1. When you scan region 15-34, do you find a residue that is surrounded by 16 or more Cβ atoms within 10 Å (Cβ to Cβ), in contact (Cβ under 8 Å) with a residue 12 or more places away in the chain and touching a Cys at 6+ places or on another chain (Cβ under 8 Å), even just one?
2. Would you call Glu110 farther than 21 Å from Arg210 by Cβ, modelled with pLDDT of 95 or more, of a type outside the set (Ser, Thr, Tyr) and surrounded by fewer than 16 Cβ atoms within 10 Å (Cβ to Cβ)?
3. Has region 50-60 got at least one residue that is buried (at least 21 other Cβ atoms within 10 Å of the Cβ) and touching a Lys or Arg at 6+ places or on another chain (Cβ under 9 Å)?
4. Search region 75-92 for residues being touching a Leu at 6+ places or on another chain (Cβ under 6 Å) and part of a helix (DSSP H, G or I), and hand back the single one that is surrounded by the most Cβ atoms within 10 Å (Cβ to Cβ).
5. Is it true that some residue in region 183-193 is at pLDDT below 90 and farther than 27 Å from Glu97 by Cβ?
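The values are calculated or read from the model by the stated rules, or taken from the named source; none is laboratory data. Here the structure is a predicted model, which is why all the values come from computation and not from measurement. Don't worry about glycine lacking a Cβ; one is built from the backbone with ideal geometry, like all the others, and counts go over all protein chains shown.
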Amino acid sequence: MKINKPLVSICIPNYNYESTIAASIESALNQTYENIEIIVLDNHSTDRSYEIAKKYRKRGVRVYRNRKNLGAASHNRLILMARGTYIQILHSDDILEPTYIEECVKVMEEHENVAVVCTERQEIDAQGNEIKMPPPFYNCSCIIPKERQQAVMIMASYFVPSQTFIRMSTLEQTGLYEIDVTYFMDWWLLYKCCRVGDLAVINKPLMRYRIWSSSDSSYMTLHMIMPMAGFLNRMCILKQGIEDENSYVTEREDMFVYKHADLTVKWGITVIRGGHLDVGRKYLYLAEAFDENIVNSPLYQAVDEFLNGEHPVGEKIDDFLKERNLVGVRNRSYDPPEGSIVLDI
């Protein structure tokens with residue numbers, strides 16, 4: 001029987017995820033949506049993940065392997081293999097809930113102006129156990145006008161690659177991953193998509209995002225790459241906003257610098273939790289370099305006090321902040337920007 005539904009390509013890039021790749025592929029195979037192709041591209045792994053993936057060929061999964069490691073360029077090669085109307089990048093340590101594709105396609109088909117759909121996520125640890133999450137970023141499902149979402153992205157970065165469902169025609173306009181963008185490559189692609197069309201948000205945790213204690217993001221945080229690369233990317237958004245004459249972006253120039261300084265303090269709290277107090281101090285210095293007014297922030301002052309040893313021996317940073325009614329993570333959801341359309345889903 002002919003299936004009159006648009007084809008969706010679930011593209012799974014892999015490098016050395018032998019412990020999780022089977023769960024990722026299974027989650028793609030278990031989708032309730034009917035018209036799906038699944039493509040795995042192994043970036044010359046040195047573990048058994050390619051051999052594990054090959055076993056799924058008998059279930060219709062297309063599995064390929066690069067002759068050598070192509071780095072970030074492997075992502076673009078993978079997308080070019082896809083034939084779908086829609087693209088889902090599923091990292092080989094993440095998991096899609098069964099209705100993920102079905103719900104994303106429904107939004108796309110009903111709203112042609114939408115370039116990308118993002119869902120909420122549930123974070124899990126290396127063993128698959130759920131991690132306590134902050135509230136959803138937005139307080140409802142909605143469609144956000146592209147100019148407004150660009151302004152959001154100069155202030156905050158939240159959605160991860162496996163949360164994003166993209167219209168192929170959007171990628172034909174934006175181009176693929178810019179592999180010379182060493183850090184936040186996925187985030188920059190999402191921003192480019194939001195220059196083409198609107199962003200839809202499904203306020204349900206329809207995917208599971210795995211957090212590793214020794215992941216690239218942990219390395220980047222410990223070595224202070226996150227705040228520096230994030231700041232440079234936000235400056236690129238500001239530059240593009242000026243060229244596009246997007247006032248929603250340009251009017252946030254001073255605001256985003258202070259916001260980034262505040263975010264830098266929160267990254268500092270992350271490394272302090274791991275016992276790296278010396279690096280935490282460097283984060284405070286960097287936050288002040290971004291915006292000198294950050295020293296007046298109660299959160300900055302509390303972290304500074306903690307690092308000066310003005311607390312009981314053995315007290316944890318989170319307990320120290322809680323005593324002062326301060327939090328080092330987001331603790332509320334936001335209204336969608338003005339002009340957004342609320343979705344009843």
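1. Taking every residue of region 15-34 in turn, none turns out to be surrounded by 16 or more Cβ atoms within 10 Å (Cβ to Cβ), in contact (Cβ under 8 Å) with a residue 12 or more places away in the chain and touching a Cys at 6+ places or on another chain (Cβ under 8 Å).
2. Criteria met by Glu110.
3. yes
4. Filtering first and then ranking leaves Leu78.
5. yes
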